[in-house]
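The block underneath contains the structure these notes are about, expressed in structure tokens.
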Amino acid sequence: MKNPVAKAWGCVGIMMIGVALFMTSMAFINDETLMYLFIFLGVAVVISGVVLHYKTVRCPHCGSHLGRLYGPRCPFCGEDYKKID
Ligand SMILES: [Zn+2]
């Protein structure tokens, strides 16, 4: 199992791609179809990143969603979430 920090960054990466797609929509200000396509794609990708984060970034000890990963320990059970035994 991959460590939750790596997964969290992977999901943040997906969210960034979504934001980039959303920004790209501004380039198509003269083409409504393309503009809405990119807005829709961007929002969909950001939402998938958030959902994936919520589903995969979990403490291996208690299963809680780790959120923004403050500190080296799970805020719920106090175990080191990088240490998987
Ligand atoms: Zn925990």
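The values are calculated or read from the model by the stated rules, or taken from the named source; none is laboratory data. Everything quoted here is computed from the prediction, not taken from an experiment. With ideal geometry, Cβ positions are generated from the backbone for all residues, glycine too; neighbour counts draw on all protein chains shown. Side chains included, ligands, DNA and RNA excluded: accessible areas come from the protein's heavy atoms. Shrake-Rupley method; radii C 1.70, N 1.55, O 1.52, S 1.80 Å.
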Reported to the nearest 10 Å², V50 has, with a 1.4 Å probe, an accessible area equal to 80 Å²
State to the nearest 20 debye the size of the charge dipole of the chain about its Cα centre, where the only charges are +1 on K and R beta carbons and -1 on D and E beta carbons.
-> 420 debye
Averaged per residue, the 1.4 Å probe accessible area of the chain, protein heavy atoms only, in Å², is roughly 68 Å²
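Rounded to the nearest 500 deg cm²/dmol, what is the calculated helix-only ellipticity per residue at 222 nm for the chain, with -39500 (n - 2.57) per DSSP H run of length n ≥ 4?
So the helix-based figure for the chain works out to -19000 deg cm²/dmol.
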Based on the Kirkwood radius over alpha-carbon pairs, what is the Stokes-Einstein translational diffusion coefficient of the chain at 25 °C with 0.890 mPa s viscosity, in µm²/s?
-> 174 µm²/s
At a 1.4 Å probe, what is the % contribution of carbon and sulfur to the accessible area of the chain?
-> 67 percent
Under a 1.4 Å probe, counting only protein heavy atoms, Y54 has an accessible area in Å², nearest 10, of 130 Å²
Check the cysteines of the chain one by one and keep only those with no other cysteine Cβ under 4.7 Å from their own.
-> C11
May I ask you to list the trypsin sites (Lys or Arg not before Pro) in region 10-85 that are in a DSSP loop and have at most 14 other Cβ atoms within 10 Å of their Cβ?
-> R68, K82, K83
